[in-house]
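Worksheet: one structure, shown below.
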Amino acid sequence: MSGELPKVTVVVPTYNERENLPKMLASLSELHLPNLHVLVVDDNSPDGTGEVADKAAAETPDKIGVLHRTAKDGLGRAYIAGITQALDEGADVVIQMDADLSHPASAIPAMLEALRTTDAAVVLGSRYVEGGSVAGEWPWHRRALSAWANFYVNTILRLRVKDVTAGFKAWRADTLRKIDAESIRSNGYSFQVEMNYRTVARGMRIVEVPIRFDERSAGTSKMSLKVQIESALMPWRLLFSGKSGK
């Protein structure tokens, strides 16, 4: 990355995260990183998360923005909407980060440093590289599902990424443009796989840095049977769609 201070935008999709969002925004503020911005993408949360986000944005309009969407149509669609706006607003780096406090804000400086000092196209906050871990209270069935998903995807697509379903990522803006992120139509956790696949298929490098992945303390998981089925089918669709991943 150049010597100029990059504009970093953290895109945070929300749906019923009223309790978690203020804590997450506070953890980002405590980093005291210059030129760090947050874009909350709220899918018309019935619990009032959107109003919480609006209040935070009104207090620090130079740091926080809110994108309101009228319906809940999946994590992938929310991320693409946020990424598109972040790029339109001149972001040099776009960070994907969940609002449920499972992704540690404290890892962001290391992720940005990896982008600055290597040729990484994207840096993942990884549970499964040396130094990474998962909270002890994470249910056994979630651990098993995560481990199986990583084995399954890597066996089919040969991405050589240890945490291929990771959702905590720091992207160079140029990478997002090269993979044509706006054209991605997958949703749920398969969205993460497709983004990685397009990156690798174009010969770009993915770097992983260790994080501790924590279980959410409030709210409920958005994992559903539909999401799991789409995620199981996605690697095969990508494999037979050609190198572009489209």
Dividing the helical contributions, -39500 (n - 2.57) per DSSP H run of n ≥ 4, by the residues of the chain yields a 222 nm value, nearest 500 deg cm²/dmol, of -12000 deg cm²/dmol
What's the Cα-based Rg to Rh of region 58-99, Rh via Kirkwood? 0.96
Hull surface over four for the Cα convex hull of region 22-161, reported in nm², is 10.4 nm²
Bins of 10 Å, beginning at zero and ending with the bin holding the largest distance: percent of Cα pairs per bin for region 78-148, please. 15, 41, 33, 11, 0
Over all directions, the average projected area of the alpha-carbon convex hull for region 1-96 comes to how many nm²? 6.0 nm²
Would you kindly compute the Cα radius of gyration of region 15-67 and its largest Cα-Cα separation (Dmax), both in Å? 10.7, 33
Size of region 96-193 along its principal axes in angstrom, Cα-based, largest extent first? 38, 30, 25
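Hey, can you list the DSSP H helices of the chain whose Cα span along the axis is 18 Å or longer and whose average Kyte-Doolittle score is at least -1.0? It would help to have the intermediate numbers written out before the result.
Values: long enough: 75-88 (20 Å, 0.55); 140-157 (25 Å, 0.04); 225-239 (22 Å, 0.59).
For the chain, where a helix must reach 18 Å along its axis and average at least -1.0, the hits are 75-88, 140-157, 225-239.
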What residue among 26, 78, 166 shows peak mean-square fluctuation when the chain is described by a Gaussian network model with Cα springs under 10 Å? 26
Below 8 Å between Cα atoms, with a sequence gap of 6+, how large is the relative contact order for the chain in percent? 23 percent
Please state, as a whole number in µm²/s, the translational diffusion coefficient that the Stokes-Einstein equation yields for the chain at 25 °C and 0.890 mPa s, with Rh defined as the Kirkwood radius across alpha carbon pairs. 136 µm²/s
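Quick note: the coordinates plus some simple rules give every number you see, no bench work behind them. Computed from a predicted model, the values in this text were never measured in an experiment.
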